[in-house]
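Just so you know, all these numbers are worked out from the coordinates, no wet-lab data involved. What you are looking at is a predicted structure, and each value in this text was computed from that prediction instead of being measured. A quick note on method: Cβ atoms are made from the backbone with ideal geometry, for glycine too, and the neighbour counts reach across all protein chains shown.
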C-alpha cells in the first residue's frame, strides 16, 4: 500500500450499530485521518459516534428531521469529505445537509430491493444520487443500479474487501459445523437456512447449526428452530465481533446464506477467505464470486430442499472441498484485499477534497 495522502477530515454518516460502519471508520482512523461519525443509532464507545436527534417517528421522517442538527454540526467540523452510507437514510440525510463533496455508498438492498419497490422509493434514490459527487458500489449489480438511478459516471466499483490477516484458514476445522453469519431480517431468509439444515442434522449426528446475528425476526426464528431442529444441535450466538466471526469461519465446515438479494456479500468473502465451504443462494451478487461447483454449492432462493441437497453435495466430496477452499482463498487474495481496495477509496476521497466544489 502506498503512503497515506495528507490527513483528511471525514464526516461519516452511518449507523453506529453496524459492523460495516465500525470497520470502515477504523480503517480510515488507522491511516491517520480525523473521522467523526454521526448516527441516530448508538454504537460501541470506541467508535465515539456523535448522536443525532432521533424523533419517535417512522424511519422515513426520522432521518430528514435530523438534517438541521447535522447541518450545524458539519459547519463546526468543516469536513473535507462527507461520507454517507445506505441511500434511504444516511444518504438522504447527507444530501439534505448540503455539505460537499458528498460520497454516497449504497450497501445493496437500498438500491436492489428498496428502490426497486415503487416509484417513490426510486425517486428518493435519484434525489440522493444526483447530489453525490461520487458513489461507491461494492458489486457490479449494485453499480449498474446506481448508474440507472442517476449516479452516471460518478459511480465507482470498489469491493470493500476484508483484512486477509484476520480472516484466514484455521488450523483445525470442525466436521459438521454449519455456520450462518447473516442478520435476522427478511432479505436474508434465515427460515430457509433452518429448513435446509434440518435435513442435514437428521442425516449426520455430528452436524450442528450455529446462527450468528440478530434482528426483527430473531424471536420467530428461535421458535422455528425449536420446532424443527434437534435439541442441543443448534445455537443462536447473537451479534459477534470481527475476531469472533473470523474464529467461527475458520472452524466451520460450511457457511450458509439464503439471501434473496446481495451485491458483494462481505460474509461470503469472509467465508471464502477462511475456508468454510459456501452453500449460498444462486443470486447475481454471489455469482460474481462463486457459482455452483466452482467454489460453492448453490440453490434457488427460498428452496430449503435445494439447500439441503447443496449441503449434502458440499460435504460429500472431500476432493472438491479441498479444491474449492484453495480456489476461494486465491480469489479473495486477488480481488478482495481491504488494504488495496480501501486505499482506492482513500485516493478518491483525497481527489474530491482537492477538486473544485460542484454547485
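For the peptides 81-91, 200-210, the ranking by mean Cβ contacts within 10 Å, running from highest to lowest, is 81-91, 200-210. Measuring nothing but alpha carbons in the chain and taking Rh as the Kirkwood radius, the Rg to Rh ratio lands at 0.98.
The residue 300 and residue 113 beta-carbon pair, evaluated with R₀ = 25 Å, returns a calculated FRET efficiency of approximately 0.90. The long axis of helix 218-228 is offset from the longest Cα principal axis of the chain by roughly 10 degrees.
Run through the DSSP bridge list for region 177-335 and note the antiparallel percent, rounded to the nearest 5.
For region 177-335, the DSSP antiparallel bridge percentage is about 5.
Taking the fewest neighbouring Cβ atoms within 10 Å as the starting point, the ordered list for 221, 93, 13 is 221, 93, 13. Looking at the chain alone, DSSP beta bridges between its own residues are antiparallel in about 0 percent of cases. Here region 12-28 and region 180-194 have alpha carbon centers that stand 22 Å from each other. Would you calculate the separation in nanometres between label points at residue 291 and residue 243, each defined as 7 Å from the Cα along the Cα-to-beta-carbon direction? Going from the residue 291 label point to the residue 243 one covers 4.0 nm.
Size descriptors for region 177-335, from the alpha-carbon set: Rg then Dmax equal 14.1, 43 Å. Protection proxy ranking of 99-109, 169-179, by the mean of other Cβ atoms within 10 Å over each peptide's residues and highest first, is 99-109, 169-179.
Rounded to the nearest 10 degrees, what's the angle between the helix 338-354 long axis and the longest principal axis of the chain, both from Cα atoms, 0 to 90? In the chain, helix 338-354 runs at an angle near 10 degrees to the longest axis.
So how do 152-164, 318-330 stack up, highest first, on mean other-Cβ count within 10 Å?
So the order, starting with the most tightly packed, is 152-164, 318-330.
Axis of helix 67-77 versus longest Cα principal axis of the chain: the two differ by about 70°, to the nearest ten degrees.
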